[in-house]
1. Highest GNM mean-square fluctuation, the chain, Cα pairs closer than 10 Å: which of 215, 96, 57?
2. Please report the equivalent ellipsoid semi-axes of the range 73-196, computed as sqrt(5 x eigenvalue) of the Cα gyration tensor, largest first, in whole Å.
3. Distance between Cα centroids, the range 1-68 to the range 185-207: provide it in whole Å.
4. Taking the simple approach of a point 7 Å from Cα along Cα-to-Cβ for both residue 171 and residue 228, what is their distance in nm?
5. Rounded, prolate or oblate, given the Cα gyration tensor of the range 155-225, with a/c below 1.5 counting as rounded?
6. Among 216, 133, 187, which one shows the highest mean-square fluctuation when the chain is modelled as a Gaussian network with alpha-carbon springs under 10 Å?
7. Which of 63, 93, 22 ends up with the largest GNM mean-square fluctuation for the chain, with Cα atoms connected below 10 Å?
8. From Cα pairs below 8 angstrom and at least 6 apart in sequence, can you work out the relative contact order of the range 41-190, rounded to a whole percent?
Ligand code: GLN
């Protein structure tokens, strides 16, 4: 089970978001505190973020552990964004080891703001294959189980990010009752997350909204999200939690 985090709010550097917190995503790559499946997240990482220069987000993904990438450490202090989705990976058995399997996946129309999607968990590809459009899967460039989930989300984006994630989790959960489906997605102005088999915590304060697999410090303000929930955060910082 990987770990992921999203930020929505005042611009933050990737360093402030991922590196500086005592138990931020960098630390979680080698010492997660709440991870039930797997002990380290050393099979790559990815960071996606929106900037003012264009509609679509940028992505930086690598197949190495986050702690081993000195170039990421160098740029993290100067890259600043109001909306970030980042993940560190513990590859599920039998999945590809390359960076194309690392979240966040990029969805949405090519000329729009796009959607970044991360998946903590595992699904049986055989159960999903009949549901997935092969062209959508090919466009994602990976055969990792998370890409099958992403292809299903892509097909449902017309109903909006919130409904797309809710529908996909329910549908996949129906076809694969053993699936673990913590999804985290953003479109630059909204963040949506699901809990379906793993942990998730949220914090909203003057720094913005953090939606994370686990708290990045022991400070106040973190709230644990119950399993089988749908979390939505809008640009004004309003956070809602619904049952899934
Ligand atoms: N199944 C996904 C992968 O292999 C996610 C793994 C995880 O959450 N640990 O990358």
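A short reminder: the numbers here are calculations on the coordinates, not readings from a lab. Computed from a prediction, not measured in an experiment: that's the story for all the values here. Heads up, the Cβs are rebuilt from the backbone with ideal geometry, glycines too, and the neighbour counts pull from every protein chain shown.
1. Top of the fluctuation ranking is 96.
2. On the way: eigenvalues 100, 60, 38 Å².
Its equivalent ellipsoid spans semi-axes of 22, 17, 14 Å.
3. With the range 1-68 and the range 185-207 each reduced to a Cα centre, they are spaced 13 Å.
4. Result for the modelled spin labels: 2.1 nm.
5. Details: a/c = 3.83, a/b = 1.50, b/c = 2.55.
Because a/c hits 1.5 or more and a/b fails to exceed b/c, the range 155-225 counts as oblate.
6. Among 216, 133, 187, the largest mean-square fluctuation in the Gaussian network model of the chain belongs to 133.
7. Largest GNM mean-square fluctuation: 93.
8. On the way: 278 pairs, mean separation 37.8, N = 150.
Result for the range 41-190 is 25 percent.
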